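Structure first, then comments.
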Ligand code: CP
């Protein structure tokens, strides 16, 4: 039985921060996915609790709501033996005028070595990375990136289709405001997938093709050639004007339902980052039916976040001996 996760060779991963997938190479993305697979394998043989981060403290700083990301980062840190400090903006001293950076520096002063940060402002984790000694993991920043979501989406796809080269992945929905879309685009294209972004023309950013993707506002046209569909939520909280007449029209043209599924490949992989809005981006029978990997994504998110914490903490404290189980 292994006493610790498979070692990552020096040079394979050298970052204490994980701020986005845009700046990573395909090899670095693959290192994280391999490490996550190793954690999943260890869990499958009963090696659930590891001691790789014993003695370290992780700060879970959420300035925006979260169910999946916050919970799984917290569980991931505990599975690796670290202590966790959970911070949520509501009820904090932000309401007394304390700044974002001062808040994080005060939490760091309690002995936190690695911060997990979600914020409504694009670039907020990058700002902290410049002001803290701690490593920073981006848990979603504004409309910019959500790298661990992109990684867990890719991990889940690869469990079914190990080679992404030539695979057609269609991202459907609010591409303009979606940080999940951007992290998926960076990660998937670096690993060789063909990516189509699809949604109302008003929600497709101008010049999005420059990121190496195809854009199409007709889901019925692209569905027959799609191997994997990722249904993104309409980000109402980030929309400052009306981008389509009503949710009814959105669902009519872009919602995945049994009727529309008749146009899809029989083994279509169905992803959605959650939270899902049943009856909007997909119907309940599709969300809970054959081909839906929505809860697999959540399960895999734990192992992906364990891998990210493990690798970044190790890179931030290279002389620290990794403990065994
Ligand atoms: N997918 C995702 O980020 O979910 P939460 O907002 O619940 O963390």
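The values are calculated or read from the model by the stated rules, or taken from the named source; none is laboratory data. Nothing here was measured: the structure is a model prediction, and the numbers come from that model. Counting neighbours? That spans all protein chains shown, and the Cβs are built from the backbone with ideal geometry, glycine included.
Residues that are within 15 Å of the chain's Cα centre (by Cα) and within 16 Å of the ligand (Cβ to nearest atom) do occur in the stretch 20-43. Residue count for the stretch 269-297 under the criterion of being over 19 Å from residue 29 (Cα atoms) and part of a helix (DSSP H, G or I): the result is 7. Please find, within the stretch 176-190, the residue that is modelled with the lowest pLDDT out of those that are surrounded by fewer than 24 Cβ atoms within 10 Å (Cβ to Cβ) and more than 16 Å from the ligand (Cβ to nearest atom). Going through the qualifying residues, I end up with 176.
If you go through the stretch 235-254 one residue at a time, do you hit one that is part of a strand (DSSP E or B) and at pLDDT 95 or above? Looking for residues that are part of a strand (DSSP E or B) and at pLDDT 95 or above, one finds none in the stretch 235-254, hence no. If you filter the stretch 161-174 down to residues that are crowded, with 24+ Cβ neighbours inside 10 Å and part of a loop (DSSP other than H, G, I, E, B), you find that the one that is modelled with the lowest pLDDT is 174.
For the stretch 271-302, the set of residues classified as on the phi < 0 side of the Ramachandran plot, within 11 Å of the ligand (Cβ to nearest atom) and surrounded by fewer than 20 Cβ atoms within 10 Å (Cβ to Cβ) consists of 275, 276, 294, 298, listed by residue number.
Only residues that are touching a residue at least 40 places away in the same chain (Cβ under 8 Å) and buried (at least 17 other Cβ atoms within 10 Å of the Cβ) were counted in the stretch 69-114, giving 16.
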